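See structure below.
The values are calculated or read from the model by the stated rules, or taken from the named source; none is laboratory data. Model, not experiment: these values are computed from the prediction. Glycine also receives a Cβ, built like all others from the backbone with ideal geometry; neighbour counts cover every protein chain displayed. We work out accessible area using only protein heavy atoms, side chains counted, and drop any ligands, DNA or RNA first. Shrake-Rupley method; radii C 1.70, N 1.55, O 1.52, S 1.80 Å.
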Amino acid sequence: GPLWERPLMEVRLGELHTWISTCNFSPQGLLAAVQRAWSSYCAKYIHVKQGGPAGISMLLAGYCLLSYGWNYQHLKRHRWRKYH
């Protein structure tokens, strides 16, 4: 199919610059990309007949990483150090 319809994992390294230039970086385009990613995540891990703990554990791990990243400056200042 056309280059703009291919998912990222099917794009060759030489075509990556052209593929990125066809992406829509407007607020509506970014919102549509987030919605597509969320729906594909739900279809793959949440809305399945025999689900496992993988979908929920990935959400929890992502939340832990994001919250650590958001609070890193605060945590960095309040670490216990040997020398003050």
Filter the helices (runs of 4 or more DSSP H) completely within the chain down to those with at least 3 residues that are without any contact (Cβ under 8 Å) to a residue 24 or more places away in the chain and touching an Asp or Glu at 6+ places or on another chain (Cβ under 9 Å). none
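Every residue, every condition in (1) within 30 Å of residue 1 (Cβ to Cβ); (2) of a type outside the set (Val, Ile, Thr); (3) surrounded by 11 or more Cβ atoms within 10 Å (Cβ to Cβ), yes or no:
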site	(1), (2), (3)
22	yes, no, yes
40	yes, yes, yes
51	no, yes, yes
70	no, yes, no
75	no, yes, no
78	no, yes, no
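Just to check your reading of the model, which residue among 35, 28, 50 is under 24 Å from residue 62 (Cβ atoms) and at pLDDT 90 or above? Spell out how you get there, then give the answer.
Working: 28 fails: under 24 Å from residue 62 (Cβ atoms); 50 fails: at pLDDT 90 or above.
Unique residue meeting the criteria: 35.
Test residue 57 against the stated conditions and say whether it is over 29 Å from residue 1 (Cβ atoms) and either modelled with pLDDT of 90 or more or open to solvent by less than 70 Å² (accessible area, probe 1.4 Å) (or both).
Numbers: over 29 Å from residue 1 (Cβ atoms): yes; either modelled with pLDDT of 90 or more or open to solvent by less than 70 Å² (accessible area, probe 1.4 Å) (or both): yes.
Considered against the rule, which asks whether it is over 29 Å from residue 1 (Cβ atoms) and either modelled with pLDDT of 90 or more or open to solvent by less than 70 Å² (accessible area, probe 1.4 Å) (or both), residue 57 comes out as yes.
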Please find, among 29, 69, 14, 62, the residue that is in contact with a Cys (Cβ under 9 Å, 6 or more places away or on another chain) and not β-branched (Val, Ile, Thr). 29
Per-region count, segment 25-38, residues more than 15 Å from the chain's Cα centre (by Cα), closer than 28 Å to residue 55 by Cα and either surrounded by 12 or more Cβ atoms within 10 Å (Cβ to Cβ) or among the polar types (S, T, N, Q) (or both): 1
